[in-house]
């Protein structure tokens, strides 16, 4: 291809590195924005082929491969496909909605990659697509690798625009100097600005929740299901609000709602030292005792209590027991049940009701956020292992079993055969449900055949369900084995933010488990809900969702999400961060003032100043000159000290030695501004030392110093205008 042929292409179309960098940034942005999209492999393959064509073959063809009309047509086609996916995703989860937008933006990027004779406007367009994809990722997807992908894409974009600036403004044929250093400086400045914006504007202020399930409304007295929201009613979050009745399917809609239900902070735990901040915690709400064909009920008889002078309501003491002090801030709910970790025994609230089952009901609750303190009997996860020889408290009401569960009774007898203690029997039943029985977790509703109990159908036919199915099955199996058990509902909290020392509990963290009473220990928790089976194909009733139960494997795999502070940064975290930063600055300032005002500091500073003065006096004149040159920003290099001093003095008069200029040429130039005799003397001796290898005598050195002083005096003389 001739030079005339090459001139047909724009500079950007000829610069492979600039295009490769911007293509890589678009690819990283798309990977951040897409989530579980079945079309991703096809989109990546098309993008890879388009990039290969653009970088390796496009410049070999003069005939336009991708005319403007075809480009516009493909963009319009992508827009129509996007509208179809967009309208179809409005009523679906946020991931589906995000995938539709990401797919559309990535398709447009592919079109621009294939377009001919790219200009800076094409590069800017791809940069805008980058930003849009990362906005989608941050608002809806929030992947664990968000920050590495963002930094990688940012570095690629900065490099591409650096090349773009060089092509537009740089000298012809000159390569970028110090490109890596410039890129690092640019990236640092961008990150500093981004950090300021990040801390000033919490992400949760802009986070979208498209496609999420509506919050659970109050359950009417006559049923345990979750009815549709009442138009115009205040939006509420939390557990189903009827504490006396619950259908085993009632928690399913709630577990698809990822809105925040409450925030919890653990202040301290007395009598237990193995708790680590961030460990998963169970918050108990309503408890249920009687089961009948898929419905749990309870007969509660709470008594009203008022707070004492210190603002606390007390129902029991815990001598020698581990107790957890924590506080809870819950969003508005339609019910009065106060959730708490373990079994609450003290509540900081003006008026409440308390039931013997261990449940508090808040009175005088408003539609505003509720903030209350709790002291509870803390039950660690290893409690069952320490009670292997203990027997439960005899509780006839918790041994009730409905008729028609003969297969369940028989299976319970088989599973506990050979187990001696009640705890060993419970652990065997729990292991069968959670691990050994072939059950799988799936958040999906199902209807049992007519005349068949839903739990019987779950255990022996369906074999997949969510926490309410597993908790109900374990409770009934325990009762069939002669062990009293009840079902407790609440939340499993494990979304912990180090910056604010708070757990964020979402509606999707709603959970159910089994509790068994032990003398002197209270209600001990047993959880039979298994981990979600990775890679399991979705069933016809619906695919699993990431809830407080199903994220166990994800938490182990991701190590607790290192970017949790970034993902969950909200106004509360912002205040905590500013408060911590202020405290740190105050501590540093206090320490600095104490150090600077101490006698030892004055002795050290005085000694350092004296040592510096002595070093300056003893320093040779040439070293002093070199130090002044460095501090003055003089960067001309020369291995001959006196010639470097000469160049520095000449620069003060505005005479600079150009690259490639010889010493004689520069002497002729400087002689028109500086005294000619000392300039020629210095130049002659420079040639003798530099190229002749001559060593100057002390007398010649003195003459050179005198010549430099003459030039220095001349350089310091102001120019008198004519």
Tell me which of these residue 359 doesn't satisfy, since it passes every other one: (1) without any contact (Cβ under 8 Å) to a residue 40 or more places away in the chain; (2) out of contact with any helix residue (DSSP H, G or I) (no Cβ under 8 Å at 6 or more places or on another chain). (1)
Only one of (1) loosely packed, with under 14 Cβ neighbours inside 10 Å; (2) at pLDDT 80 or above; (3) in a loop (DSSP other than H, G, I, E, B) fails for residue 256. Which number is that? (1)
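One line per residue, one yes/no per condition, for (1) free of Cβ contacts under 8 Å to residues at least 12 places away in the same chain; (2) farther than 23 Å from residue 627 by Cα; (3) assigned to a helix (DSSP H, G or I):
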| residue | (1), (2), (3) |
| --- | --- |
| 654 | no, no, no |
| 665 | yes, yes, yes |
| 688 | yes, yes, yes |
| 694 | yes, yes, no |
| 699 | yes, yes, yes |
If you scan the range 662-680, which residues turn out to be crowded, with 20+ Cβ neighbours inside 10 Å and within 18 Å of residue 700 (Cα to Cα)? 678, 679
Of (1) surrounded by fewer than 23 Cβ atoms within 10 Å (Cβ to Cβ); (2) within 30 Å of residue 329 (Cβ to Cβ), residue 503 satisfies every one except (1)
Right, residue 199: exposed (fewer than 15 other Cβ atoms within 10 Å of the Cβ), part of a helix (DSSP H, G or I), in contact with a helix residue (DSSP H, G or I) (Cβ under 7 Å, 6 or more places away or on another chain) and at pLDDT below 75 or not? yes
Of the residues in the range 111-130, those that are part of a helix (DSSP H, G or I), touching a residue at least 40 places away in the same chain (Cβ under 8 Å) and surrounded by fewer than 18 Cβ atoms within 10 Å (Cβ to Cβ) number 1
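The values are calculated or read from the model by the stated rules, or taken from the named source; none is laboratory data. Quick caveat: nothing in here was measured; it's all calculated off a predicted structure. FYI the Cβ positions are ideal-geometry reconstructions off the backbone, even for glycines, and counts take in every protein chain you see.
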